[in-house]
Structure formats: structure tokens, C-alpha cells
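Shown next, in C-alpha cells, is the structure this report addresses.
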Amino acid sequence: MSEAAVKTAFTEQFKIKYPIIAAPMFLVSTEKLVTAVGQAGGMGTFPALNYRPMSTYREAIRTIKSANDAPFGINIIVQSSNKYRHEQLEIALEEEVPLIITSLGSPRETIEKAHQTKTKVYCDVVGSEHAKKVTDLGADGLIAVASGAGGHAGTLSAFALIPQLVRQFNVPVVAAGSIVDGVGMAAAFALGAAAVYMGTRFIACEEAEVPEDYKQTIIGARAEDIVNTHKVDGFPGNFIRTPTLEKAGLESGLLEDIASHSKKLKRAIALSRAARSLLVKDKAKLSYKTIYSAGHGSGLIDEVLTVEQIIQNTVREYREIKKQLP
């Protein structure tokens with residue numbers, strides 16, 4: 001028997017059963033995973049850059065829409081390193097995608113165009129300054145990317161970041177960073193969040209179309225095994241320490257040391273690397289194929305489950321914790 005619905009500002013906005021979002025993950029979030037999360041009562045999302053050329057991107061959207069009527073979201077990198085961003089936005093709006101999540105840049109164009117339709121726009125933020133900029137532009141919600149998240153995480157503790165954003169801005173705030181179960185969900189809601197972002201937990205699920213080694217590496221990892229490095233794609237990100245990652249070198253080189261004293265040079269180097277790694281046409285060359293992104297929550301994951309089991313277990317545990325609190 002499935003758990004009863006959990007109502008929040010986020011679930012009311014999108015008319016879904018549970019305030020659980022499967023975060024958009026590069027080379028991980030596929031139509032199969034997005035569809036499974038929607039069928040289980042949550043919201044699936046995927047990065048637009050997972051699909052190139054644009055014909056396959058549009059096809060993926062239509063495949064998800066045809067599977068069921070559950071709302072889903074697309075993450076679009078809105079800075080200049082993503083040369084496809086304008087076309088990705090146009091197609092998403094033409095296909096009436098319910099949610100667009102922006103990251104790494106100004107969402108001005110995205111918000112202006114989306115607000116001419118029914119599509120909502122949530123923006124990744126790591127602090128108040130960026131949050132103010134995007135809410136002033138009309139963002140419908142914020143993704144509070146705290147420290148400990150997989151991939152490109154923020155540096156602030158969730159215990160500081162989320163309440164700060166909730167107090168300052170009158171839009172739903174989604175908690176992101178090391179949330180893998182009902183414990184994290186309860187904590188996020190106590191801090192004022194309206195939904196939770198779960199990425200790493202959904203990598204270790206049956207529907208995730210990733211190598212079995214990736215799933216087992218997450219299961220075997222501790223929080224201490226997650227390292228933050230810019231070596232993978234030019235931006236600081238959280239990855240599992242493996243022999244392959246160590247071979248890439250985790251220490252800064254001379255160029256990085258020089259760049260650390262100049263924000264402009266540091267950003268130029270990062271954008272150059274990001275463009276090369278994210279926009280290369282031959283996916284076989286991507287380091288993400290052999291280097292595994294994951295968050296600190298890996299240490300709390302000990303088995304591969306179905307999407308349905310993950311969501312039901314999370315909601316059940318959340319309710320049990322609420323009863324046990326003093």
C-alpha cells in the first residue's frame with residue numbers, strides 16, 4: 001500500500017503526490033528514470049545536454065510525455081558555454097515542459113519567455129546574492145544547492161542556506177545536498193524547504209541506466225570518500241575517490257595557482273574546460289563515463305532499490321521521524 005500524499009507549496013504548484021525531485025544528472029537521467037519517478041508520485045528531471053542533436057532532445061521530451069501525464073523538468077545551462085541553450089529553451093516551451101531549472105548563468109531570457117507560457121522556472125542558487133537576482137527577475141522557485149551535493153555543489157551548509165532563503169524570498173525553496181532518505185526529508189522540511197532534490201540516491205536504483213559498477217561504487221562509498229575537485233570539467237564538483245579519479249590528479253597545477261589570484265582568469269579557464277567537456281560530440285571521450293559524480297549522502301546508501309521503493313521508503317521514514325520528534 002502506497003503512502004498518502006505529502007502536501008507542500010511545491011506539490012500544490014505542480015499537482016504531484018510527493019515533494020521529491022530526482023535531480024537532473026549528466027549522463028544519468030534518462031527517459032526511463034524520469035518516467036519511473038513520475039509514475040511513483042515524484043518529479044523526474046533531466047539535463048538538456050544529455051540529448052544531442054536537438055532532434056533526440058525533442059524526441060526524449062515526447063517519449064516522457066507519452067508515458068504518463070506526470071509533470072517533469074529540464075535543466076538548462078544558461079551561460080554562454082552552452083551554445084545550444086536558446087534552442088533547448090525554445091523546444092522545451094514548444095513542448096510545454098512543466099518546469100525548467102536553470103544553472104550557471106543569468107535566467108533572464110528563460111524566465112521572460114517561460115512566463116509567456118505555463119512553464120515554471122526554478123533556479124539553482126548557492127547563496128542569497130544570486131537568489132535575489134533571480135527572484136527579482138521573476139523566478140518561480142529556488143533550488144538551494146548546499147554543500148555535500150553531487151556534482152557542482154555549493155559551499156554553504158544546508159542548515160544556514162535553506163532557512164536564509166526561506167526567510168528572504170517568498171517562493172518555494174527546494175533543498176539539495178546529501179538528501180537520500182526520510183531523515184534528510186524531515187530535516188529539509190524543518191528548515192522550511194517545500195521539496196527535496198535527490199540525485200545520488202536515484203543513481204543506485206534499478207531504473208538508472210548506468211554501469212553496475214557506478215551503483216556498487218556508491219553503495220560501497222562513505223561520506224569521506226567524496227572529494228571536491230575541478231579536474232573533471234573545470235568547475236569544482238563532488239566525485240567519488242576512485243583509482244581513476246586519482247590518476248587524473250587532484251592537486252592544482254601552476255596555471256590554477258596563478259588563476260586563483262585572478263577571478264577573471266579563473267573563470268575563463270573554468271568556462272573553457274566546461275565547454276570542452278560538456279559540448280564534445282563524442283560521448284565516449286567524456287570523463288563522466290569513468291569518473292563518478294556523487295554526494296556525501298553516498299555513505300547512507302547501502303542497496304540498489306526500485307524508484308518506487310526509494311520514494312515509498314523515504315515518505316514512510318519521514319512520517320515515522322515526525323512522530324518520534326520530542
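The values are calculated or read from the model by the stated rules, or taken from the named source; none is laboratory data. Bear in mind the structure is a predicted one, so any value in this text is a computation, not a measurement. For neighbour counting, all protein chains shown are included, and Cβ atoms are generated from backbone atoms with ideal geometry for every residue, glycine included.
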Return the total of residues in region 182-227 being without any contact (Cβ under 8 Å) to a residue 60 or more places away in the chain and of a type in the set (Val, Ile, Thr). 1
Residue check: is Leu27 surrounded by fewer than 20 Cβ atoms within 10 Å (Cβ to Cβ), under 21 Å from Cys123 (Cα atoms), touching a residue at least 12 places away in the same chain (Cβ under 8 Å) and of a type in the set (A, V, I, L, M)? yes
Where in region 174-275 are there strands (runs of 3 or more DSSP E), lying fully within it, with 1 or more residues that are at pLDDT below 90 and closer than 22 Å to Gly127 by Cβ? 226-229, 237-240
How many residues of region 7-28 are farther than 17 Å from Ile179 by Cα, part of a loop (DSSP other than H, G, I, E, B) and touching a Phe, Trp or Tyr at 6+ places or on another chain (Cβ under 9 Å)? The answer is 5
So, first residue among the hydrophobic types (A, V, I, L, M, F, W, C) in region 125-141, second residue buried (at least 17 other Cβ atoms within 10 Å of the Cβ) and assigned to a helix (DSSP H, G or I), Cβ within less than 6 Å, six or more apart or across chains; the pairs are Val125/Ala131; Ala131/Leu165; Leu137/Ile111
Only unsatisfied item for Lys120, checking (1) free of Cβ contacts under 8 Å to residues at least 24 places away in the same chain; (2) charged (D, E, K, R); (3) in contact with an Asp or Glu (Cβ under 8 Å, 6 or more places away or on another chain), is (1)
If a residue counts only when it is aromatic (Phe, Trp, Tyr) and either surrounded by fewer than 21 Cβ atoms within 10 Å (Cβ to Cβ) or out of contact with any Lys or Arg (no Cβ under 9 Å at 6 or more places or on another chain) (or both), which helices (runs of 4 or more DSSP H) contained entirely in region 48-154 have at least 1 such residues? 54-67
How many residues does region 231-247 contain that are touching a strand residue (DSSP E or B) at 6+ places or on another chain (Cβ under 8 Å), of a type outside the set (Gly, Ala, Ser) and under 17 Å from Thr290 (Cβ atoms)? 6
